[in-house]
1. Can you work out which of the residues in segment 91-144 that are of a type in the set (D, E, K, R) and assigned to a loop (DSSP other than H, G, I, E, B) is modelled with the lowest pLDDT?
2. Out of (1) assigned to a loop (DSSP other than H, G, I, E, B); (2) within 16 Å of the ligand (Cβ to nearest atom), the odd one out for residue 343 is which?
3. Can you confirm whether residue 230 is in contact with a helix residue (DSSP H, G or I) (Cβ under 9 Å, 6 or more places away or on another chain), touching a residue at least 24 places away in the same chain (Cβ under 8 Å) and not assigned by TED's automatic domain parsing to the domain that holds residue 95?
4. Hey, can you tell me all the residues within segment 150-187 that are under 17 Å from the mean Cα position of the chain (by Cα) and without any contact (Cβ under 8 Å) to a residue 60 or more places away in the chain?
5. Anything in segment 318-337 that is free of Cβ contacts under 8 Å to residues at least 60 places away in the same chain, assigned to a loop (DSSP other than H, G, I, E, B) and under 23 Å from residue 352 (Cα atoms)? List them, or say none.
6. So residue 252 ticks every box in (1) surrounded by 14 or more Cβ atoms within 10 Å (Cβ to Cβ); (2) within 13 Å of the ligand (Cβ to nearest atom) but one. Which box is left unticked?
7. Could you list, ordered by first residue, the pairs with Cβ atoms under 7 Å in which the first is in segment 239-261 and free of Cβ contacts under 8 Å to residues at least 24 places away in the same chain and the second is outside any helix (DSSP H, G or I) and of a type in the set (Phe, Trp, Tyr), at least 6 apart or interchain?
Amino acid sequence: MTTSRNAITRRDSFRLAGAAAAAAATARAADANPQAQPTAPAAGELNDDADVLVVGGGTAGTIAAIQAARAGAKTMLVERGSQLGGTMTVGGVAFPGLFHAWGKQIIAGIGWELVTETVATDGGQLPDFQAQKVPHWKHQVQINPYVYALLAEEKCLQAGVKIAYYEFPLSAEKSADGWSVRCVGPGTRRRIACRQIIDCTGGGDLAGMIGLERLREDETQPGSILYKVGDPYQPGREQLQALYVHGADSSNSVTRTQANLTGRQAVLKRLREAPAKGGKPARLIHLQSETAFRESYRVLGETVITHADYTAGRVYDDAVCYAFYPFDLHTRTGVKPKPLAKGVVPTVPLRALAPKTSRNILVAGRCVSSDRLANSALRVQASCMAMGQAAGATAALAAKGKTTPLDVPLADIHRTLREHKAIVPGA
Ligand SMILES: Cc1cc2nc3c(=O)[nH]c(=O)nc-3n(C[C@H](O)[C@H](O)[C@H](O)COP(=O)(O)OP(=O)(O)OC[C@H]3O[C@@H](n4cnc5c(N)ncnc54)[C@H](O)[C@@H]3O)c2cc1C
């Protein structure tokens, strides 16, 4: 029997019933979440406009986007991966520090809200921040990275942030109102017209792409690949095991690929060690999908935070947040953290988030303008979150006032940050 191309066969009718059920499920999901609306096939170009575009939804970028949106800015977040959290979730470094210094909280706001809600949702415990005779890392908060990623995404959506996963910028050109940014993703091309950009890519990728000056060392700190052998992994209750990945460099896809190849080879070598000596095989229980990067580029900003300023706890006249951690430079032989003198709490100036000679763009996170030693301390997660919140508030105000971040009155930035429960130096 021949089947005409238009006749519906029994197999087709099953397929159609399945498609109808899938369409109904999509419609139900769309009711629950407006972002789940089926989008038009991405042939051609998608167009968006935003007050604030955050590039990179990691440690700093998630907080920057939530803050900008909560401050009233139409906010878009472009993330090249498939979830939020960056090094905290995809890298597996799920122990943010440090929110407290010398027994007092110095970083709060949206990062703290997310971290404490993650711990509460997971039935976990906060450390005793008053305990002073313990090493600094005991004040880091153990979080369940899966819960963190879920809550981060929920808070972005609740604040009205539009998220574009799997995309990254190809170009950013100045326009009359700010920027025209072209992004690509699998099957997608998108043009975003925005007033302000916040580069939260870790290594200042966007700043570099548009020709802003960046700093880097000939030899950078090793990255690490995180994994677990033996007993089941207890997220939120323990840290993963880690192997150094020397030469790990997040600069581009070629260097990232190499870091993952090297990292995974190191894990395989580790698995083969015991059987080679006649022991039992070590069972691999958990392996992060990417190598985590400690160091690549730092942006050259209007101010460069030096290790002398950091050591002295300099309170900059345009300070927007605190940062607190020992100097923490990893080398081939490991790391010997160098603590700050008692009572010292460094600050981060707005000008270290503003690339030199730039307009309408800020950075936040580990690419903050700083010398290498200062950066080894500034790059930690609580500090990145505080920088993200400061950049989000400033960019929202700049977009609203149709001005550039460094022309926003500092008092307005401080007020907005305090309204959103951030701790502001000197307040
Ligand atoms: C092994 C290791 C151990 C560490 N230990 C600690 C610790 O104990 N305590 C602590 O607090 N901190 C620790 N840190 C430091 C800290 O985790 C990082 O410095 C910090 O998380 C970096 O935050 P970020 O927002 O700058 O970058 P990330 O969190 O890495 O986020 C960058 C995001 O940008 C995205 N992205 C990158 N390029 C693009 C692009 N072109 N377009 C779109 N998206 C892009 C990435 O996918 C990612 O989501 C550690 C770091 C490492 C690597």
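1. 133
2. Here residue 343 clears every test but (2).
3. In short, no.
4. The answer is 150, 151, 154.
5. 328
6. Failed condition: (1).
7. 241/227
To keep it simple, each residue is scored yes or no on (1) crowded, with 16+ Cβ neighbours inside 10 Å; (2) at pLDDT 95 or above.
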| site | (1), (2) |
| --- | --- |
| 291 | yes, yes |
| 300 | yes, yes |
| 305 | yes, yes |
| 308 | no, yes |
| 311 | yes, yes |
| 316 | yes, yes |
| 327 | yes, no |
| 339 | no, no |
| 344 | no, yes |
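The values are calculated or read from the model by the stated rules, or taken from the named source; none is laboratory data. These numbers were taken from a predicted model, which means no experiment stands behind them. Here Cβ is always computed from backbone atoms with ideal geometry, including for glycine, and neighbour counts include all displayed protein chains.
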